[in-house]
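Trainee: Below: one structure in structure tokens.
The values are calculated or read from the model by the stated rules, or taken from the named source; none is laboratory data. The model shown is predicted, which means the values in this text are computed figures rather than measured ones. Cβ coordinates were reconstructed from backbone atoms using ideal geometry, including for glycine residues, and neighbour counts include every protein chain displayed.
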């Protein structure tokens, strides 16, 4: 399921982003629906996804101990996205969940290439060496 800009606009984490930035972000996220009782991340195993909860709740366990419950607008998985270490917790859906998800590649594209850079790069003309096809200045 694709992610809508209108849905992302409602999330406090993204509230200050421009329409263009939200459009870029929407192309890098997938929307999923997961039933209650599903493990999204398992402690000690490799994690390959960043999750942002839109609806529903998840429970977070560390070494088998319940640490917290997360709900809409909370996110998790970012630690193993950035340092590529095994997951530091197990995350299990408490209720049915609707979430936005980014893979490692999608996450890196968002972190490494800011949207303004991607827009400029998409306008890059290799024939002139400039954005928007302008002639190189002398």
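Trainee: Can you name every residue in region 80-92 that is surrounded by 15 or more Cβ atoms within 10 Å (Cβ to Cβ) and either part of a helix (DSSP H, G or I) or within 16 Å of the chain's Cα centre (by Cα) (or both)?
Mentor: 80, 81
Trainee: Determine whether region 21-28 contains at least one residue that is without any contact (Cβ under 8 Å) to a residue 12 or more places away in the chain and out of contact with any strand residue (DSSP E or B) (no Cβ under 9 Å at 6 or more places or on another chain).
Mentor: Looking for residues that are without any contact (Cβ under 8 Å) to a residue 12 or more places away in the chain and out of contact with any strand residue (DSSP E or B) (no Cβ under 9 Å at 6 or more places or on another chain), one finds none in region 21-28, hence no.
Trainee: Which of the residues spanning region 36-79 are assigned to a strand (DSSP E or B) and within 13 Å of residue 98 (Cβ to Cβ)?
Mentor: 40, 51, 52, 53, 54, 55, 58
Trainee: Does residue 105 qualify as being exposed (fewer than 15 other Cβ atoms within 10 Å of the Cβ), modelled with pLDDT of 75 or more and either under 15 Å from the mean Cα position of the chain (by Cα) or over 24 Å from residue 64 (Cα atoms) (or both)?
Mentor: yes
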